[in-house]
1. Being exposed (fewer than 14 other Cβ atoms within 10 Å of the Cβ) and free of Cβ contacts under 8 Å to residues at least 24 places away in the same chain is the filter; apply it to region 143-162 and report the residue that is farthest from the chain's Cα centre (by Cα).
2. Looking only at region 66-94, count every residue that is in contact with a strand residue (DSSP E or B) (Cβ under 6 Å, 6 or more places away or on another chain) and farther than 16 Å from residue 158 by Cβ and tell me the total.
3. Count, please, the residues in region 58-94 that happen to be touching a residue at least 12 places away in the same chain (Cβ under 8 Å), in a helix (DSSP H, G or I) and surrounded by fewer than 16 Cβ atoms within 10 Å (Cβ to Cβ).
4. Among the residues of region 179-189, are any assigned by TED's automatic domain parsing to the domain that holds residue 83, within 21 Å of residue 89 (Cα to Cα), modelled with pLDDT of 95 or more and within 20 Å of the chain's Cα centre (by Cα)?
5. Would you confirm whether or not region 101-120 contains a residue that is on the phi > 0 side of the Ramachandran plot and surrounded by fewer than 19 Cβ atoms within 10 Å (Cβ to Cβ)?
């Protein structure tokens, strides 16, 4: 967000030489002040328009059947998440509670928040719920395995829906393959691919694709 400050320049110059010069000086300064005020007001209007467009684009660019489940306002909304780094943004999203717990257990919160640019496949709570509770608890307790699984969901650059299609390198030093487009996108996951439920979600440092299954390395 830009803060625009109206700068008023020029002062009425008093002169004792002649009334004509004094009036001329007043006229010139008034014109200058009017011009500066007009220019700065125009700048403020433009900045407001840019800000409004940026806020609108956060929700306009997402796709997928589950995007309607995301809050329409607050920090967990699209316009709210765009202001936070990815781990913080995920913590405010009601669909991603178990993922946030897993990221915290693996000690990856600062790593993800501090990265310059990422793409993250984010399994929903229901995706984690499909894993037997005993198995899920075992993974959450095994930091090495948990880290491998989570970093398998992360690509070291921000990718939009066109760029993400194809084979992508993950931070786990392996690959994932993405197919489809905004009308239907999947991520390779063994015999049954994961479906993108809400994609191209912007955060301050990442692009998030919410998926319906946990990807296994």
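The values are calculated or read from the model by the stated rules, or taken from the named source; none is laboratory data. Please read these numbers as outputs of a predicted model, since none were measured by experiment. Ideal geometry is used to build each Cβ from the backbone, glycine not excepted, and the neighbour counts take in all protein chains shown.
1. By that ranking, first place goes to 144.
2. So the first thing to find is which residues in region 66-94 are in contact with a strand residue (DSSP E or B) (Cβ under 6 Å, 6 or more places away or on another chain), and the list is 66-67, 82, 86.
Now narrow it down to the ones that are farther than 16 Å from residue 158 by Cβ: 66-67.
Residues meeting the conditions: 2.
3. Counting residues in region 58-94 that are touching a residue at least 12 places away in the same chain (Cβ under 8 Å), in a helix (DSSP H, G or I) and surrounded by fewer than 16 Cβ atoms within 10 Å (Cβ to Cβ) gives 1.
4. no
5. We begin by selecting, within region 101-120, every residue on the phi > 0 side of the Ramachandran plot; these are 107.
Now restrict to residues that are surrounded by fewer than 19 Cβ atoms within 10 Å (Cβ to Cβ): 107.
Yes, that holds for at least one residue.
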